[in-house]
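Following: one structure in structure tokens, then a few remarks.
The values are calculated or read from the model by the stated rules, or taken from the named source; none is laboratory data. Computed from a prediction, not measured in an experiment: that's the story for all the values here. Every residue, glycine among them, receives a Cβ derived from its backbone with ideal geometry; neighbour counts consider all protein chains shown.
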């Protein structure tokens, strides 16, 4: 059984169907590439999966459980982590504090923790701190742990976003254009991070990306979306060679390749 | 580094000790001057109200409705004591709980909106509470006010009976309750879910995606803050012995705005801010009593000056001076090099 499935998933904004009747299955441990022209509904799809948006129709099934009506924090609790397209970081915090905040799910603290505090919390907080440093080492930011998160260059901020998402130890990682605005070196290191993660921890990853070359190197399977619908599904190479995909990207009589 | 840190901790502790001693001996210092003790008692009650307002800042919202919760607390306190036959302490707790209950009911719809919409909603809700009290003449006395709220019952301490029917003694009671309430609020803000508050304030969308129950945290925050506002209302009712729901009373819109000004002048980023802001502006109001009709202008100009020159408020002055000194030191360090800045 697939880890994450959507059945006839739809999202309408007024009369615009951003995602319509989308059936998709993501297997445990794979890196799935999600490509498509601008406005194809890729980000909307991720928003539906992580709960930022409520679906207009259809179902999302995660590990056999229907999570269509779950709020974002409950989905995060189940192991769905998200890296936003913008560099979403806590701007009043340092690099390390950002990752600590990301470890929230490992701290046993809820809204009512304001009323009690136990030694158990303190002990746990120490363990969490050690894990955070490990994560920063993993993405290569260990030397910058005390800098303000927003003072990092764009590429490092992106890596930090991934570290923050990983802090919750997710089963599925949703990456929304992780390579946007990066130079070649940063791109390579980000791809390395995603691949290592997948190889060592088996983290299932869904990547939305415009950089087709990167997708070719990263994913074993890709899905092309157009107008909120699945255009084609297969290996990335099959996808980019498909006439329908070329038409969707470049128009009917393109003669580029 | 740790030397200066330790020095700062010692200085802070010393300041707290001095403050406690001064507050404790205040009736003696003022040799029982009723006028000033009344002002100080009201000041303490207002500090609690402003602090409760400030705790909503933690979730990045500005509430203009805390006078509404204070009103609920005050009338609950009065009615529970006068008609419910309860004694002071249980009704104080109950009035706080009632305000908290109302806040938790309103919290869910309210916290779905943000920013100015939240402020407007809370403002209108407070006005609604006030008008309900105004027109519910049978229960609250309406515009005539509710007269004869009893003082707290006497307490026997170490074989001495302490009555709370004079300002002299009520001052201690009010300050005591306010200090305990502030300690609770401080714990609640600083203790260790500090991260979650900051996360929600910085980016609530990301916080949600990381598993933080944003709405839950906001609800708890709003409820606790309303509880404290209710307690401050209860303290006020038992102190003043009469309540009025007029526009010009402390439950009107003007008071909401004043509370906000107290908070901003004191500095909303610091816990001590409401204390400083309320104290300074109350003293300014007293000092300018001879030109009472110009008081709002004086308060307003102070607020404007503070916002322009001290964006962190009066409580931020030490930090401001530090940055200023550091800049000066940097500049004087660079100056001899003569424009050879390497940075």
**Complete:** Turns out the helices (runs of 4 or more DSSP H) fully within region B:143-246 with at least 1 residues that are within 10 Å of chain A (Cβ to nearest Cβ) and under 17 Å from the mean Cα position of the chain (by Cα) are B:167-190, B:214-240
**Request:** Give the residue that is nearest to residue B:213 (Cα to Cα), with candidates limited to residues of region A:65-106 that are more than 10 Å from chain B (Cβ to nearest Cβ) and touching a strand residue (DSSP E or B) at 6+ places or on another chain (Cβ under 9 Å).
**Result:** A:70
**Message:** Condition check: out of contact with any helix residue (DSSP H, G or I) (no Cβ under 7 Å at 6 or more places or on another chain) and either surrounded by fewer than 20 Cβ atoms within 10 Å (Cβ to Cβ) or not assigned by TED's automatic domain parsing to the domain that holds residue B:146 (or both). Does residue B:325 satisfy that?
**Reply:** yes
**Request:** Filter region A:51-64 down to residues that are surrounded by fewer than 23 Cβ atoms within 10 Å (Cβ to Cβ) and outside any strand (DSSP E or B) and give me whichever is nearest to the other protein chains (Cβ to nearest Cβ).
**Result:** A:52
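Among the listed residues B:285, B:292, B:303, identify the single one that is at pLDDT below 85 and closer than 30 Å to residue B:35 by Cα. Even if it seems obvious, please write down each step before you answer.
Working: B:285 fails: at pLDDT below 85; B:303 fails: at pLDDT below 85.
When all the criteria are applied, what remains is B:292.
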**Residues being at negative phi and assigned to a loop (DSSP other than H, G, I, E, B) - total across region A:129-149** = 4
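Here is a yes/no grid of residues against (1) closer than 20 Å to residue B:232 by Cα; (2) surrounded by fewer than 21 Cβ atoms within 10 Å (Cβ to Cβ):
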site	(1), (2)
B:75	yes, no
B:102	yes, yes
B:109	no, yes
B:133	yes, no
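Between A:102, A:77, which is free of Cβ contacts under 8 Å to residues at least 40 places away in the same chain and part of a helix (DSSP H, G or I)? Working first, answer last.
Numbers: A:102 fails: free of Cβ contacts under 8 Å to residues at least 40 places away in the same chain.
Being free of Cβ contacts under 8 Å to residues at least 40 places away in the same chain and part of a helix (DSSP H, G or I) holds for just one of A:102, A:77, which is A:77.
Identify all residues within region B:269-302 that are part of a helix (DSSP H, G or I) and either closer than 19 Å to residue B:319 by Cα or under 14 Å from the mean Cα position of the chain (by Cα) (or both); write none if there are none.
To start, the set of residues in region B:269-302 that are part of a helix (DSSP H, G or I) comprises B:273-287, B:289-302.
Within region B:269-302, B:273, B:274, B:275, B:276, B:277, B:278, B:279, B:280, B:281, B:282 meet the criteria.
Evaluate the following for residue A:22: is it buried (at least 20 other Cβ atoms within 10 Å of the Cβ) and modelled with pLDDT under 90?
Numbers: buried (at least 20 other Cβ atoms within 10 Å of the Cβ): yes; modelled with pLDDT under 90: yes.
So residue A:22 passes the test.
With the requirement that a residue be in a helix (DSSP H, G or I) and over 15 Å from residue B:53 (Cα atoms), what does region B:98-119 give you?
Within region B:98-119, the first condition is being in a helix (DSSP H, G or I), and the residues that meet it are B:98-110, B:116-119.
Across region B:98-119, the qualifying residues are B:98, B:101, B:102, B:104, B:105, B:106, B:108, B:109, B:110, B:116, B:117.
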**Fill in**
Residues of region A:169-184 being touching a residue at least 24 places away in the same chain (Cβ under 8 Å) and surrounded by fewer than 17 Cβ atoms within 10 Å (Cβ to Cβ), in sequence order, are A:169, A:180, A:181, A:183
**Item:** Conditions (1) farther than 19 Å from residue B:45 by Cβ; (2) assigned to a helix (DSSP H, G or I); (3) modelled with pLDDT under 95: number failed by residue B:84
**Value:** (2)
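Could you pull out the residue among A:110, A:64 that is modelled with pLDDT under 90 and assigned by TED's automatic domain parsing to the domain that holds residue A:4? Before the answer, list the steps.
Numbers: A:110 fails: assigned by TED's automatic domain parsing to the domain that holds residue A:4.
That would be A:64, the only listed residue that is modelled with pLDDT under 90 and assigned by TED's automatic domain parsing to the domain that holds residue A:4.
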